[in-house]
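**Student:** Below is a structure I'd like to ask you about.
The values are calculated or read from the model by the stated rules, or taken from the named source; none is laboratory data. Treat the numbers as computed from the prediction; the structure is a model and nothing was measured. Positions of Cβ are backbone-derived with ideal geometry, glycine not excepted, and every protein chain shown enters the neighbour counts.
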Amino acid sequence: MQTVTINTLNALKQEGKKFPVITAYDASFSRLVELAEIEVVLVGDSLGNVIQGHGSTVTVDMDDMVYHIQAVCRGNSKSLVIADLPFMSYATEEQTMANAAHLVQAGAHMVKLEGGAWLEESVLMLSERGIPVCGHLGLTPQSVNKFGGYKVQGRTKEAAEQMLQDAHLLEQAGVDLLVLECVPTPLASKITDELNIPVIGIGAGPNTDAQVLVIYDILGLSPRQPKFSKNFLTDADDIEAALAAYAKEVRSGAFPAAEHGFKS
Ligand code: KIV
């Protein structure tokens, strides 16, 4: 695999080619992600759940993120590395700037933040100063306490309209990629069609430009398999083969199937 940049991903969207994204938190898994030729690795704050054993991502802090980004970058020099800005690390524009710079200096190529219109200025500021940004709409896990649980978002007409507006606003502000998590398939398809940037889905149906999953879920290591995920190790000889199978199914459109999405 050639070194992946934002230009690679934009070209894939233009050509109508889907690409896989997977989380990783350490050098060993990250090395396998590179060997499986997966274009993007996400150092997600899901590490709060799968590495630290917490019930949510809100316990993850900047020190945790820097530690895991550095490990992931030591194991992989080809995939594009996105890193989550953790809970409350981007509550003000000053914090956003300083913390995003810190993650990039640790090795991330792009930072991800969760939320809609309220992030417009922060995204603009990061983008103008040369830090690529990935937005995240739908079920944004850092807001789990506000949502009252992990629930599909954008189900009502008003909520769907709001998400569509937020997606356009984030794109105009300068986000380079957008994650849609647990969003009804028709809404995710509409957002993907209307945006020029690549849209990455998780529980958002088959029509987004890319898919992202948590590596521990696709290896069957999580106590409960989320509806939108799939164990790719069951039919594979080893972890690298499971990652390659995931990549192949995303590229061909075989994953996700209807059963992994939400109709409404
Ligand atoms: O933290 C994470 O792993 C994520 C993905 C599930 C999108 O944000």
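**Student:** Within segment 35-84, can you find the residues that are in contact with a Gly (Cβ under 7 Å, 6 or more places away or on another chain), more than 10 Å from the ligand (Cβ to nearest atom) and within 21 Å of Pro20 (Cα to Cα)?
**Tutor:** Answer for segment 35-84, where residues must be in contact with a Gly (Cβ under 7 Å, 6 or more places away or on another chain), more than 10 Å from the ligand (Cβ to nearest atom) and within 21 Å of Pro20 (Cα to Cα): Ile69, Cys73, Val81.
**Student:** Within segment 1-44, can you find the residues that are part of a strand (DSSP E or B) and under 22 Å from His68 (Cβ atoms)?
**Tutor:** Of the residues in segment 1-44, the ones part of a strand (DSSP E or B) are 19-23, 40-43.
Residues satisfying the conditions are Pro20, Val21, Ile22, Thr23, Val40, Val41, Leu42, Val43.
**Student:** Of all residues in segment 164-192, which are within 16 Å of the ligand (Cβ to nearest atom), over 20 Å from Ala11 (Cα atoms) and in a loop (DSSP other than H, G, I, E, B)?
**Tutor:** Cys182, Val183
**Student:** List every residue pair whose Cβ atoms lie under 6 Å apart, where the two residues are 6 or more positions apart in sequence or sit on different chains, the first residue falls within segment 43-64 and is within 20 Å of Ala106 (Cα to Cα), and the second residue, located anywhere, is part of a loop (DSSP other than H, G, I, E, B) and polar (S, T, N, Q).
**Tutor:** Asp45/Thr57; Gly48/Thr57; Gly48/Thr59; Met62/Ser89
**Student:** Tally up the residues in segment 45-69 that are part of a loop (DSSP other than H, G, I, E, B) and of a type in the set (A, V, I, L, M, F, W, C), please.
**Tutor:** Taking segment 45-69 and keeping what is part of a loop (DSSP other than H, G, I, E, B), we get 45-46, 51-61.
Subsequent filtering for residues that are of a type in the set (A, V, I, L, M, F, W, C) retains 51, 58, 60.
Of the residues in segment 45-69, 3 are part of a loop (DSSP other than H, G, I, E, B) and of a type in the set (A, V, I, L, M, F, W, C).
**Student:** Also: Mind listing just one residue for me: the one in segment 127-163 that is out of contact with any Phe, Trp or Tyr (no Cβ under 9 Å at 6 or more places or on another chain), in a helix (DSSP H, G or I) and aliphatic (A, V, I, L, M) and, of those, surrounded by the most Cβ atoms within 10 Å (Cβ to Cβ)?
**Tutor:** Checking each candidate, the answer is Met163.
**Student:** Is there any pair linking a residue in segment 227-249 that is charged (D, E, K, R) to one that is crowded, with 18+ Cβ neighbours inside 10 Å and part of a helix (DSSP H, G or I), with Cβ under 6 Å and at least six apart or on different chains, and which?
**Tutor:** Glu240/Leu32
**Student:** Have a look at Gln105, Gln95, Gln142 and point out the one that is within 20 Å of Ile202 (Cα to Cα) and at pLDDT 95 or above. Can you show your working first?
**Tutor:** Values: Gln105 fails: within 20 Å of Ile202 (Cα to Cα); Gln95 fails: within 20 Å of Ile202 (Cα to Cα).
Exactly one residue qualifies, and that residue is Gln142.
**Student:** How many residues are more than 19 Å from Glu37 (Cβ to Cβ) and touching a strand residue (DSSP E or B) at 6+ places or on another chain (Cβ under 7 Å) if we restrict to segment 219-253?
**Tutor:** 2
**Student:** Continuing with this model, one more query. Please work out if Gln211 is of a type outside the set (A, V, I, L, M, F, W, C), in contact (Cβ under 8 Å) with a residue 40 or more places away in the chain and either outside any loop (DSSP other than H, G, I, E, B) or touching an Asp or Glu at 6+ places or on another chain (Cβ under 7 Å) (or both).
**Tutor:** Considered against the rule, which asks whether it is of a type outside the set (A, V, I, L, M, F, W, C), in contact (Cβ under 8 Å) with a residue 40 or more places away in the chain and either outside any loop (DSSP other than H, G, I, E, B) or touching an Asp or Glu at 6+ places or on another chain (Cβ under 7 Å) (or both), Gln211 comes out as yes.
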